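Have a look at the structure below before the remarks.
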Amino acid sequence: MIKREFPSTRMRRLRQSEVVRNLVSENHLNTNDLIQPLFFTNTPEQSEAIDSMPGIFRHNLDGIKRELEDLVTAGIKSVAIFPVIDSDQKDEVGTYAINENNFFYAGIKEIASSFPDLVLITDVALDPYTSHGHDGIVIDDKIANDKTIEVLTHQSLLLADAGSTIIAPSDMMDGRIGVIRSYLDNHGHEDIVILSYAAKYASYFYGPFRDAVGSSTNLGKTNKKTYQMNYANIDEAIQETALDIQEGADIVMVKPGLAYLDVLKTIKEHFRIPTFAYQVSGEYSMLVNAINKGWLDKNVMLESLICFKRAGADAILTYAAKSIALEMNK
Ligand code: PBG
């Protein structure tokens, strides 16, 4: 009879208890990795719930300051703030984006001085400001790349002047990182960090965000496929990212997250520079709604965030940042 070689390697030895499992865990998540996206509006109400994103609100200045206090107490150190603009202020070319009296810039200034240690990330793009909901200016039914960059450059300077630590162009126009970088250098902002949404796909996972900023009804049946990437592609993501790095991006981002972990891993391995992932609104809504229904265990959120780390994310934008931080503090 042949003696069967019994396994001398027993993989289960290192899974025998939680402490042993944690001891050999390859990836960890802590509050330094979490960036909370926030919606900032100019309404009398302090905080208004967003139906498609349970637990997430549009805040006015008082509301956002209270929320920031809570976030800091929970251990969150970075936030990404998006403006929600009243429809009366929107027009074809996003004029309010370059209005120095825009409530958003005044608010960012105040937040930056009240929370000097907070990493403040602000978005460079026109979609909250345009009546058609696109990230750029429309000329002859097309998004005009170079004209859009002129506005984005001006917007970037206002965001930098207001006290942003990091500006994050999310518009996907060609060549904008280089133009913005040299414009800011020439205006005394050589230390501002640029986080580029380098590989941003034209995704159906952004729906709840567009509800939150009110751009979905404006977009109507149009889409962003002439500037955001085709979700079938990955070589193109490498090329997009290479261009942004060459033009001066300090950090690059892949978006959406969970369905795009292959892109995240490829970008991180290829460039070896700080690489962030965005767990976008639709991903958050899917998970939270299933958790709230009792269909998924609430730990599914932590699982998905650790998976981002495993794929190579240095930090993650996630609407669950606060709830996960509170969970981790327990
Ligand atoms: C637009 C922008 C979008 C998001 C961040 N910046 C939406 C879009 O491209 O239509 C999406 C974020 C999310 O879905 O959570 N500049």
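The values are calculated or read from the model by the stated rules, or taken from the named source; none is laboratory data. Every value quoted in this text rests on a predicted model; they were computed, and no experiment measured them. In this analysis, Cβ positions are derived from the backbone assuming ideal geometry, glycine residues included, and neighbour counts consider all displayed protein chains. These accessible areas exclude ligands, DNA and RNA; they are computed on the full protein's heavy atoms, side chains included. Shrake-Rupley method; radii C 1.70, N 1.55, O 1.52, S 1.80 Å.
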State whether the residues of the stretch 235-244 include one that is at negative phi, in contact (Cβ under 8 Å) with a residue 60 or more places away in the chain and assigned to a helix (DSSP H, G or I). yes
Can you pull out the residues in the stretch 161-170 that are farther than 14 Å from Ala249 by Cα and either buried (at least 24 other Cβ atoms within 10 Å of the Cβ) or touching an Asp or Glu at 6+ places or on another chain (Cβ under 8 Å) (or both)? Ser164
For the stretch 265-289, name all the residues that are more than 16 Å from the ligand (Cβ to nearest atom) and not charged (D, E, K, R). Thr266, Ile267, His270, Phe271, Ile273, Pro274, Thr275
Contacts under 7 angstrom Cβ, first residue in the stretch 68-88 being closer than 22 Å to Pro44 by Cα, partner of a type in the set (Ser, Thr, Tyr) and assigned to a loop (DSSP other than H, G, I, E, B), 6 or more apart: Val84/Thr41; Ile85/Tyr129
In the set Gln228, Gln155, which member is buried (at least 17 other Cβ atoms within 10 Å of the Cβ), among the polar types (S, T, N, Q) and more than 11 Å from the ligand (Cβ to nearest atom)? Gln155
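Go through the stretch 51-143 and tell me which strands (runs of 3 or more DSSP E), entirely inside it, have 3 or more residues that are within 16 Å of the ligand (Cβ to nearest atom) and open to solvent by less than 50 Å² (accessible area, probe 1.4 Å).
78-83, 119-124
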Within 13 Å of the ligand (Cβ to nearest atom) and closer than 29 Å to Asp51 by Cβ - does that describe any residue in the stretch 171-186? yes
Options Gly178, Gly188; residue that is outside any helix (DSSP H, G or I), out of contact with any strand residue (DSSP E or B) (no Cβ under 9 Å at 6 or more places or on another chain) and at pLDDT 95 or above: Gly188
Quick check on the stretch 187-205: of everything there that is out of contact with any helix residue (DSSP H, G or I) (no Cβ under 6 Å at 6 or more places or on another chain) and over 25 Å from Lys77 (Cα atoms), which residue is farthest from the ligand (Cβ to nearest atom)? Gly188
